[in-house]
Amino acid sequence: MKFTAAHWGTYKVSKGKEKNFKLLPFAPDKDPSDIGRGIESAVASSARIHKPAIRKGWLYSTNNQKSVKRGKDEFVEVSWEEAFELVSTEIKRVISTYGNESIYAGSYGWASAGRFHHAQSHLRRFLNLIGGYTYSKNTYSYAAAEVIIPHVLGNFYNFLFDTTSWDSIVDNTSLFLAFGGVPLKNGQINQGGVGSHNQRDYLNKALANGVKFINISPLKSDLDIVDDMEWVPLRPNSDVALMLALCYEINKAGATNRDFINKYTVGFEKFTEYLNGNTDGVAKNADWASQITGISLEGIFELIEKIKKSKKTMISVSWSLTRQSHGEQPYWAAIALASIIGDIGKPGGGIGFGYSAMNSIGNHYEKIPAVSLPQGKNAVKNFIPVARISEMLESPGTCFDYNGLKLTYPDIKLIYWAGGNPFHHHQDLNRMIKAWQLPETIISNEWCWNALAKHSDIVLPVTTPLEREDIALAPRDPYMVFMSKVIEPVGESKSDFEIFSGLAEKFDLKNDYTDNKTEKEWIRWIYDESNALQENNHKFPDFDVFKKKGWYKNPEPLNQQILLKQFIESPEKNPLDTPSGKIELFSKQIDSFQYSDCVGYPKWYEDKEYLGSATKYKLHLLSNQPKFKLHSQLDNGEVANGEKSDGRAIIEVNRNDANARDLLDKMVVKVFNDRGSCLAVIKISEDIMQGVVNIPTGAWLDPSKSGDISCVHGNPNVLTQDVGTSQLAQGPSAHTCLVEIEQFQEEAPKITAFDPPEIRHISKQKI
């Protein structure tokens, strides 16, 4: 029996003739995702790239002068032999002229759940063999948390994936305060694959056992598993103000757990000086927070009473809270609130990061040790924060701050991207498109004609996971899946391994790159080396037995997982990896950086794009994760249409906001601000607070032919701001964004996002 795995689930394969197949639900999956079925229609669609293609303006240019801008040019198909020669010659030229630091390989993305065919690993392995590249740090998902948490708690990844398990919440939690909700649609996803989706099941069990959930979010759908779920709407980006007020009022009432504060934290006095207004003359009380958040004074005191009466409180913060201006602050303020309550390290209590952000968060599992494709060592030390790519391209040589460092943007001449789509992840795409014109060459490995491919100079067609064998072996999921080859490669597409093997040969490094192994031998090597790391009672089955069955589940652990349990039981023996060894409510290290936008304690910062001070644009745009695809993947498949109207993205609008603008349900509207504009179809809703609108991310970029609409398809990142969260993390701040909407009076333009560019077929002799 054949199976395949993806970041959104495991599927049984029903194979038909040639390219025909169906992906059926995996029997052990408690809540199968429909996302996977999107590839059934997409894998051989007209958007598929069949042969290596070179942008015409790049191919025929002299002295790297581009005759036509990237994104608007036609392409010329060439043979693989010609493509390998062009790519290798260009990389050699750039290295000899400018050095390896002039190559950028951010390549952020989720191309495959397979452990061997991980696109970025192959790209980095190849580039490291030829001298290295400038790289990126952190993620678009939670960059601000990745930088702030080590200062406050220690290594972020120890807490992200080892958070208190749902079983402990089901058995012990009384009150679950969900800042940013617990969005089940996000929980369809998991890095490295999903065997069984468990988030819905855990939520239902917790509700049945009497756990009180409160969804604190502008969107009711962030936690809507039952109709009577308590929803506390608040203005976007104001969570910190509410958290600080809860801290202030609990402390003022004498309800602070002083024993916990004294034993496990440092800096409480400094923090309370700010809470009490000693530093700025403003007490962070409930009245102050009510004016900022839009929550009534009575509503805030009701929350306080529920916390005080709760036997065990869990403070949960979604990943989305980090993706705003000053995105470092919500996690720090939430940790301060949980410390004041004093339930950290106890069963079912304390702090949690990102429940249902991925399926693995809170799952009852034991991390499975596993090896990856060795990438070698990067000789280049230059890096940028992942979300600062436009700034890097615009301003080489400019200094910038990052986590206490003074760094300089490198001068990038060549970008090589594999396995991701920056025209989905990045903000202010109009700005990025202009910056994207500046490098001399852009190369991408892609399987379909998305915006990245159309904005590249050299496009190398890569296979999808269905066109090769692999294994899904995720340290954060108990299921391991043998990913069978379902169909033959479409057109002349090759795997990343084949592509970089061909390029390595041009550098006389093929044996170094392949290590004299075939793809099948590498997959077996990863399996065997990972198996050698397992404890005896968790050893994998014989490889051939595993391959024949198609999947294997690792045994579940006996004990429930509780975040910071060992530290709480013995802080002297198990100190945190912070300067003090304790939870830092005041950080001397951060304070020493002397940043104006991130001081030594959790603080409220009002941003220019905030509903409380909105003038020109009066609606706050959220751009949350889509329900029927992962990021922008499979947007060209049929399943993604479940979140669209006539193929266009949907914008959720409060009824009062729609009425004030004479807008009707299913009307095509223009959404705009000073950065750009997009078209979307209105969905009038009672489940989004007034003053807020929402467009899910993932629509492939599709500018209008006339250039007056940045995206006729509905990509919200033509509207979002490209500004770092603060000098500390420089993370993305997509959720700090004001817009306005109006009826689109003209005939809505045809969507061409999935159409390939003009392609010329020219013989080798004419090149």
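So the values come out like this:
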| item | result |
| --- | --- |
| Those lysines that a straight Cα-Cα span of less than 16 Å connects to residue 263, excepting residues fewer than 8 apart in one chain | 346, 565, 573, 582 |
| Three-way shape call for the stretch 615-726 based on the alpha-carbon gyration tensor, with the a/c threshold at 1.5 | rounded |
| Between the stretch 669-725 and the stretch 531-604, the alpha-carbon center distance in angstrom | 37 Å |
| All aspartates and glutamates inside 19 Å of residue 92 as judged from Cα atoms, apart from same-chain residues fewer than 8 positions distant | 81, 82, 101, 411, 440, 457, 505, 508, 512 |
| Average accessible area per residue (Å²) across the chain - probe 1.4 Å, nucleic acids and ligands excluded | 37 Å² |
| Debye, to nearest 20: dipole size of the chain, +1 on Lys, Arg Cβ, -1 on Asp, Glu Cβ | 980 debye |
| Protection proxy ranking, peptides 267-274, 543-550, average beta carbon neighbours within 10 Å, highest first | 267-274, 543-550 |
| Structure-derived volume of the Cα convex hull per residue in Å³: which label, when the choices are [x] 195; [y] 246; [z] 157 | [z] |
| Karplus-derived 3J(HN,Hα), 6.51/-1.76/1.60, for each residue of the stretch 26-38, Hz, glycine and proline x | 7, 3, x, 6, 6, 8, x, 8, 7, 3, x, 5, x |
| Distance-filtered residues of the stretch 446-463 - backbone nitrogen under 18 Å, label point 7 angstrom along residue 758 Cα→Cβ | 454-457 |
| Estimated FRET transfer efficiency when R0 is 45 angstrom, pair residue 34-residue 521 (beta carbons, to 0.05) | 0.80 |
| Residues residue 366 and residue 311, FRET efficiency given R0 of 22 Å [Cβ-Cβ distance, rounded to 0.05] | 0.20 |
| Segment residue 278-residue 291, length gained on full extension (0.36 nm per residue, minus Cα span) | 2.7 nm |
| Rounded if a/c under 1.5, otherwise prolate or oblate - the stretch 467-524, Cα gyration tensor axes | oblate |
| Calculated FRET value between residue 556 and residue 74, using beta carbons and R₀ = 51 Å, to 0.05 | 0.40 |
| Chain lengthening between residue 96 and residue 656 when straightened (0.36 nm per residue, less Cα-Cα) | 195.5 nm |
| Accessible surface of the chain, 1.4 Å probe, proportion on carbon and sulfur as whole % | 46 percent |
| Centre separation in Å (Cα based) which lies between the stretch 381-399 and the stretch 610-626 | 27 Å |
| Amide hydrogen neighbours beyond the local backbone of residue 619, cut-off 5 Å, H modeled | 739 |
| Dipole magnitude of the stretch 95-242 about its Cα centre (Cβ charges: Lys, Arg +1; Asp, Glu -1), debye to nearest 20 | 520 debye |
| Leading residue at positive end of dipole, the stretch 288-421 (Cβ point charges), from 370, 410, 336 | 370 |
| Isolated Cys in the chain, by beta carbon distance under 4.7 Å | 247, 399, 448, 598, 737 |
| Cubic angstrom per residue, convex hull over Cα atoms of the stretch 555-663 | 262 Å³ |
| Sum of side-chain charges, residue 125 neighbourhood, beta-carbon under 12 Å (Lys, Arg +1; Asp, Glu -1) | -1 |
| Dipole of the stretch 191-267, positive direction: furthest Cα of 216, 257, 202, with charges on the beta-carbon | 257 |
| Residue-count net charge about residue 281 - beta-carbon cut-off 15 Å; Lys, Arg +1, Asp, Glu -1 | -1 |
| Karplus-derived 3J(HN,Hα), 6.51/-1.76/1.60, for each residue of the stretch 657-662, Hz, glycine and proline x | 5, 5, 5, 5, 10, 6 |
| Difference of contour (0.36 nm per residue) and Cα-Cα distance, residue 302 to residue 17 | 96.4 nm |
| Cross-link table 485/506; 30/185; 212/252; 51/506; 252/311, entries beyond 22 Å C-alpha to C-alpha | 485/506; 212/252 |
| For the stretch 243-299: rounded, prolate or oblate by the Cα gyration tensor [a/c cutoff 1.5] | oblate |
| Of 357, 421, 313, farthest towards positive along the dipole that unit charges on Lys, Arg, Asp, Glu beta carbons give the stretch 299-422 | 313 |
| Considering only the chain, percent of DSSP beta bridges that pair antiparallel, nearest 5 | 45 percent |
| Around residue 436: net Lys/Arg minus Asp/Glu count, Cβ-Cβ under 10 Å | +4 |
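The values are calculated or read from the model by the stated rules, or taken from the named source; none is laboratory data. Because the structure is predicted, anything quoted here is derived from the model rather than measured. Cβ atoms come from the backbone with ideal geometry, glycine included; neighbour counts cover every protein chain shown. The protein model used for the area step is the full one, side chains on, heavy atoms only, and it has no ligands, DNA or RNA in it. Shrake-Rupley method; radii C 1.70, N 1.55, O 1.52, S 1.80 Å.
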